[in-house]
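We did not get these values from a lab; they are worked out from the coordinates using the rules stated. For clarity, every value in this text was computed on a predicted model and none was experimentally measured. Virtual Cβ from ideal backbone geometry, glycine too; neighbours counted across all protein chains shown.
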Amino acid sequence: MSSLHKFLRLPPARRLLLAEAFAIACAMRVASTLFSLPRLQRFIAGLRPNASRYSEQDICGAAAAASRRVPGGACLVEALTAHYLLSRAGYAHRLRIGVRQEGQGLAAHAWVELESNMQGRDFGVSYTVLPL
């Protein structure tokens, strides 16, 4: 079954969330190349929260699904998309960026934390969290 067919079979509210997450993921992909992370964070921090009918997990799942379909949509795009949608929905969370030693170099990862639960790829992998 194609992705489009699966999408069209979803309930309307779920399709709306995924479409919104995809639009935000595209915007975050472009914005992350044009603007600094502190500037993006200030923009997102200025959002006025609205009541959301979606759970935190639904929002994070939609951000993950959308970022996988955006060219160059790595963990930073997923984390920024979730950060935007969670902020707008009024959920308490933190954007995290971490690094770890990998062979001769460093590996970086971005995620959001909800009530001490890490949401994102590479669950359970230890990263040193950078101050934001």
| request: Order the peptides 104-110, 10-16 from the highest to the lowest mean number of other Cβ atoms within 10 Å of their residues. | output: 104-110, 10-16
| request: Please get the size of the charge dipole for the chain, origin at its Cα centre, with Cβ charges of +1 on Lys and Arg and -1 on Asp and Glu, quoted in debye to the nearest 20. | output: 400 debye
| remark: The orientation-averaged projected area of the Cα convex hull of the range 56-115, in nm², is 4.5 nm²
| request: Would you calculate the volume per residue, in Å³, of the smallest convex hull containing every Cα atom of the chain? | output: 127 Å³
| message | Kirkwood hydrodynamic radius, computed over distinct alpha-carbon pairs, for the range 2-77: how many Å, to one decimal? | response | 13.5 Å
| task | Pop the C-beta distance of A27 and Q104 into the FRET formula with R0 = 25 Å and round what comes out to the nearest 0.05. | result | 0.10
| query | With labels modelled as points extended 7 Å from the Cα through the Cβ direction, what inter-label distance (nm, one decimal) is found for A13 paired with L37? | reply | 3.5 nm
| note | Once both label points are put 7 Å beyond Cα along the C-beta direction, the K6-R68 separation in nm becomes 0.6 nm
| remark: Applied in sequence order to the range 69-74, the curve 6.51 cos²θ - 1.76 cosθ + 1.60 (Karplus, θ = phi - 60°) yields integer Hz couplings, x standing for Gly and Pro, of 9, 9, x, x, x, 7
| message | Sequence gap at least 6, Cα distance under 8 Å: using those rules, report the relative contact order of the chain to the nearest whole percent. | response | 22 percent
| field | Cα lying deepest toward the dipole's positive end in the range 12-129, options A27, A66, H83, charges on Cβ | value | A27
